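All remarks here apply to the structure that follows.
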Amino acid sequence: MVSGGCVGTEGGAEPEESAAVAAEEQVMPATAPARARELVVGYALTSKKAKSFLQPKLRGLARKKGIQFVAIDQKLPLSDQGPFDVILHKLTGKEWQRRLEEYRETHPEVTVLDPPGAIEHLLNRQSMLQEVSKLDLADCHGKVGVPKQLFVNTDPLSIPAAVMRAGLSLPLASLTKLEPPLVLQEFVNHGGVLFKVYIVGDAIRVVRRFSLPNVDEGDLSNNAGVFRFPRVSCAAATAEDADLDPHVAELPPRPLLEILARELRRRLGLRLFNIDMIREHGTRDRFYVIDMNYFPGYGKMPGYEHVFTDFLLSLDQQKEYKRRPGYTSGEG
């Protein structure tokens, strides 16, 4: 368990401010300032991802703000396409990674979201949460940890003994029926509510989702074999308008989320990811990160079109600032 620390907010966050995070909306002017040129964003996404992300409301707002989304033809060299200001991607495969890394080296002026090497951190379920467990933050707004977990890649018959050695307490029987390789993660009762923390650059948005119910000893004793759960979270499982116990529904403190997001951005080298968090049932300030994903389903995040277009424009503004005469990064 590591501690969540303070950020530079005088007096900390009021409960009303924390509770308003999920419902926070971007107030946009009726018309955006005219741009000298279009910001060209090349995208390399699966057809399913492109459909869920590039919704009409995003495309429409992007056009008004001078942002053009252009599909990347994976059959052609990247250098023969564009020119791009930003490349947005979520494809797997070593060949694609090689091509993208080569493009980054020859086109340093193009922002790639995100670097393939950095994304690798979140593709390995064994090491995904290691950066969270390494955090050493001052105790101020809560504690953040990761559940105990065990990576198994050997004979299934060895799983029960490995679980015992790792000190895991799992609501799970019939361990020998599982097929390695796999990751076993200790279940933490959390009142059936999960917090989806979406991160887009410096922006943070939180959405409540229904999750797994609490499990007690009686539940386990009445179920032989594997204790079956529904899916952890899905788009239709929103808990935003549900009549929940206030102690369960209360969002994690904003300062805690800000410092957690900032540290993970720095350590992972990513700007587009999400964190799945739970609060240990019966506590107010003890949280666990149970999963992280690169370029998650932003289309499920309320107001995502405003957040994302603002983020893309901020990248271009940063480039313009760095091109000014006399600019120094302050590094070294």
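Could you give the length gained by full extension between Glu109 and Asp245, i.e. 0.36 nm per residue of separation minus their alpha carbon distance, to one decimal place?
44.0 nm is the gain from fully extending Glu109 to Asp245.
Leu178 to Ser127: FRET efficiency via 1/(1 + (r/R0)^6), r the Cβ-Cβ distance, R0 22 Å, to the nearest 0.05?
Taking R0 as 22 Å, the efficiency between Leu178 and Ser127 is 0.60.
Using 0.36 nm times the number of residues separating Thr283 and Phe151, minus their current alpha carbon distance, what extension gain do you get?
Details: separation 132, 0.36 × 132 = 47.52 nm, distance 2.81 nm.
That pair, Thr283 and Phe151, stretches by 44.7 nm at full extension.
Note the full-extension length gain between Gln74 and Trp96 as 0.36 nm times their separation in residues minus their Cα-Cα distance, in nm to one decimal.
Stretched fully, the Gln74-Trp96 segment lengthens by 7.1 nm.
How high is the FRET efficiency between Ala50 and Ser169 when r is their beta carbon distance and R₀ equals 51 Å, given to the nearest 0.05? All intermediate terms of the calculation are to be shown ahead of the outcome.
Values: r = 42 Å, r/R0 = 0.82.
That pair, Ala50 with Ser169, gives E of 0.75.
I need the phi-derived Karplus couplings for the range 189-199: 6.51 cos²θ - 1.76 cosθ + 1.60, θ = phi - 60°, integer Hz, Gly and Pro marked x.
With coefficients 6.51, -1.76 and 1.60, one gets 4, 9, x, x, 10, 10, 9, 8, 9, 8, 10 Hz.
I'd like to check one number: the per residue accessible area of the range 73-193, probe 1.4 Å, reported in Å² as a whole number. Display every interim value, and only then the final one.
Details: 6540 Å² over 121 residues.
Ligands and nucleic acids excluded, the figure is 54 Å² per residue.
Residue by residue through the range 37-45, which ³J(HN,Hα) values in whole Hz follow from phi under the Karplus form 6.51 cos²θ - 1.76 cosθ + 1.60 (θ = phi - 60°), with glycine and proline marked x?
Result, rounded to whole Hz: 8, 7, 8, 9, 10, x, 10, 10, 9.
The values are calculated or read from the model by the stated rules, or taken from the named source; none is laboratory data. Quick caveat, the model's predicted, so the values are computed rather than measured. Note that we place each Cβ from the backbone using ideal geometry, even for glycine, and neighbour counts take in every protein chain shown. Note: areas computed on protein heavy atoms with side chains; ligands, DNA, RNA excluded. Shrake-Rupley method; radii C 1.70, N 1.55, O 1.52, S 1.80 Å.
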